[in-house]
Amino acid sequence: MEKNVENIKRIIPNIPIGIYPTNDTLITMTVDVRKIFEATTQAEVIKHVFFDDNRDNDRPRIAPDYTSDVPKNNFITWVGAVKHIEKEENRKDQVLIYDISDNPAIIKPSPFFRQARTFQNALSIDKPVGPTDYTITFWVWDNFKRKGRGFQIDPRLRIIN
C-alpha cells in the first residue's frame, strides 16, 4: 500500500493525497481490428483508429481530425478498445497501449509508462498549451487470425484552463 501512495505522489505532486481532480479526461482509442491488419500505409492505418473522449459530444474521429481538450493539471487516461466487440469473432481481440510519447510540452507520464496495458495514465501540465501532436504506440491482437502487430498514431492534445 505504501508503494502505491509513493507512486501517486510522483504522478500528482500538486494534488494532495485523497483529493482527486474532478476534470479528468478519458480518451478512448477504438480500433477496427480486422481492417487495420489490411492497411499497408500509415494513411490506411489512420482510417481504422477512432478517438473520442468524455469531453466531446461529437462522433469519434480519426487522428488527423482529433484534438482532445484537457484541463491543466488533471489526469488523462487513454483506453484501447476493439470496434465491434459485440461480434463473436472479435470478443477475444485486444488493443494494448504500450506507450504515450513522453512529451513534456503537454504531459507528465506516470511511473507505469512503457508497460503494455489496456490503458495508460498521465497528468497534464500546469499551463495552457495549443494543439500539440503526441504519439501513441499500441499493439493489436486479432484472435480470429491468431496474429498481432504494433502500430503508431499521432493524435493531438490541447491543454486548457
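FYI, it's all coordinate maths here, none of it is from the lab. Because the structure is a prediction, the values reported are computed rather than measured. Ideal geometry is used to build each Cβ from the backbone, glycine not excepted, and the neighbour counts take in all protein chains shown.
Stretching the chain fully between R55 and T135 yields a gain of 26.8 nm (0.36 nm per residue, less the alpha carbon separation). Multiplying the residue separation of N23 and E86 by 0.36 nm and removing their Cα-Cα distance gives an extension gain of 19.7 nm. The order of the peptides 58-68, 89-99 by mean Cβ neighbours within 10 Å, most packed first, is 89-99, 58-68.
Net charge in the neighbourhood of I159 (other residues with Cβ under 9 Å of its Cβ; Lys, Arg +1, Asp, Glu -1) is +1.
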